[in-house]
C-alpha cells in the first residue's frame, strides 16, 4: 500500500478532482491513505480532506517531507491538486512497489510536457522530487539519496480546468 501526498495550489475543487481519481486505487488496495499539504488553513480544503479521510498538514512551503512525517506507508505518491493518473496506473504502481527496494527510491510518471517549462523540468529535475513521483519515505526524510528516477509506463495528466 502507498500514501498519497497532495499539494494544494488551486483550491478545493482541484483537490476533490484528484482525490476522486484515487478512489479506484483505494478499492484495489493500493492506496491506503492520503495527506493534504496546504499553505494556509482553508475551511473548505479541511472539509474535503476530512470527507475523504485524509490528513491535513498546513505548512507555508508545502514541502513533500512535511507529508512524509505523518504518512503511514513507506511508498509515497506525490501529486499536485488537479493531477489525474491515467488508465493502467494502479497496476504499474502496484508492480513497482511490490518489486522495488527502498534503495531504488524514486519512480516517475510520464507527464506530457510542453514548452520551455517542460524542457526545463526534464533537464534539471532528474533526481529532485516533484509531482508525479512515487518516492520511498526514506528518500524524503533524507535517509537515502534519490537516484535517477525509474520511468514508469503510467501517465499523469492535469485536469484542463485547473491548468
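The values are calculated or read from the model by the stated rules, or taken from the named source; none is laboratory data. These figures come from a predicted structure and were not determined experimentally. Heads up, the Cβs are rebuilt from the backbone with ideal geometry, glycines too, and the neighbour counts pull from every protein chain shown.
Values for this structure:
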| read-out | value |
| --- | --- |
| Residues of the stretch 20-41 satisfying the condition of being buried (at least 17 other Cβ atoms within 10 Å of the Cβ), in contact (Cβ under 8 Å) with a residue 12 or more places away in the chain, out of contact with any helix residue (DSSP H, G or I) (no Cβ under 7 Å at 6 or more places or on another chain) and not in a strand (DSSP E or B) | 21, 22 |
| Evaluation of residue 102 against (1) modelled with pLDDT of 90 or more; (2) touching a strand residue (DSSP E or B) at 6+ places or on another chain (Cβ under 7 Å) (one fails), failing number | (1) |
| Enumeration of residues in the stretch 88-109 that are surrounded by fewer than 16 Cβ atoms within 10 Å (Cβ to Cβ) and either in a helix (DSSP H, G or I) or without any contact (Cβ under 8 Å) to a residue 60 or more places away in the chain (or both) | 91, 95, 98, 99, 101, 102, 103 |
| Exclusive hit being under 21 Å from residue 97 (Cα atoms) and within 15 Å of the chain's Cα centre (by Cα), set 6, 57 | 6 |
| Enumeration of residues in the stretch 52-65 that are part of a helix (DSSP H, G or I) and within 26 Å of residue 88 (Cα to Cα) | 64 |
